[in-house]
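Before any comments, here is the structure.
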Amino acid sequence: MGAKNSGLEAQEQKSVYPPEADVGGQPAFKYPFAIAHRRIESGGWTRQVTVRDFPLSKRMVGVEMRLIAGGVRELHWHVGSEWAFMTAGSARIAAVDQKGRAFVEDVNEGDLR
């Protein structure tokens, strides 16, 4: 019933056929990066989806980023925790953990940190 988007349905089968535990109380979280503003800097680009773009997302932000070889993202911080999935390439990250300890780590394609 209704409009069909076979490509999207193939990617999100649990939205079409939800698991038994899903009682339908939470709307789907979808906001394509493709329509988000892209900020271009000398080291690469980022685009993010925040509560300004998607009011339902009060505690979560999504960022897509592309850095050139040798590119550096500006120093910034978050009040909450952060995780990242490396889709391509490799990078070196410097961060501070929840106990205030600084660390440097190399990440590669497929890594989740």
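The values are calculated or read from the model by the stated rules, or taken from the named source; none is laboratory data. Model, not experiment: these values are computed from the prediction. Quick reminder, even Gly has a Cβ in these numbers, built from the backbone with ideal geometry, and neighbours come from all protein chains shown.
Observations on the model:
Rundown of residues vs (1) loosely packed, with under 10 Cβ neighbours inside 10 Å; (2) at pLDDT 85 or above; (3) outside any strand (DSSP E or B); (4) outside the structural domain of ALA102 (by TED's automatic domain parsing), yes/no style:
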position	(1), (2), (3), (4)
PRO19	yes, no, yes, yes
TYR31	no, no, yes, yes
ALA34	yes, no, yes, yes
ARG39	no, yes, no, yes
TRP45	no, yes, no, yes
GLN48	no, yes, no, yes
PRO55	yes, no, yes, yes
ARG59	yes, no, yes, yes
GLU64	no, yes, no, yes
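- Among residues of region 90-102, those that are closer than 22 Å to VAL61 by Cβ and either over 18 Å from the mean Cα position of the chain (by Cα) or assigned by TED's automatic domain parsing to the domain that holds THR50 (or both), counted: 4
- Any hit, region 67-89, residues being part of a strand (DSSP E or B), modelled with pLDDT of 85 or more, assigned by TED's automatic domain parsing to the domain that holds ARG113 and within 21 Å of GLU105 (Cβ to Cβ): yes
- Neighbours by Cβ (under 8 Å, 6+ apart or cross-chain): first from region 55-71, hydroxyl-bearing (Ser, Thr, Tyr); second at pLDDT 80 or above and in a strand (DSSP E or B): SER57/VAL49
- Scanning region 68-86 for residues being more than 18 Å from GLY43 (Cα to Cα) and surrounded by 10 or more Cβ atoms within 10 Å (Cβ to Cβ) gives a total of 3.
- Checked against (1) touching a helix residue (DSSP H, G or I) at 6+ places or on another chain (Cβ under 8 Å); (2) at positive phi, VAL49 passes all but condition (2).
- None of ALA88, ALA69, ALA36 is aliphatic (A, V, I, L, M) and more than 30 Å from GLN13 (Cβ to Cβ) except ALA69.
- Tally, over region 95-113, of residues that are surrounded by 10 or more Cβ atoms within 10 Å (Cβ to Cβ) and part of a loop (DSSP other than H, G, I, E, B): 3
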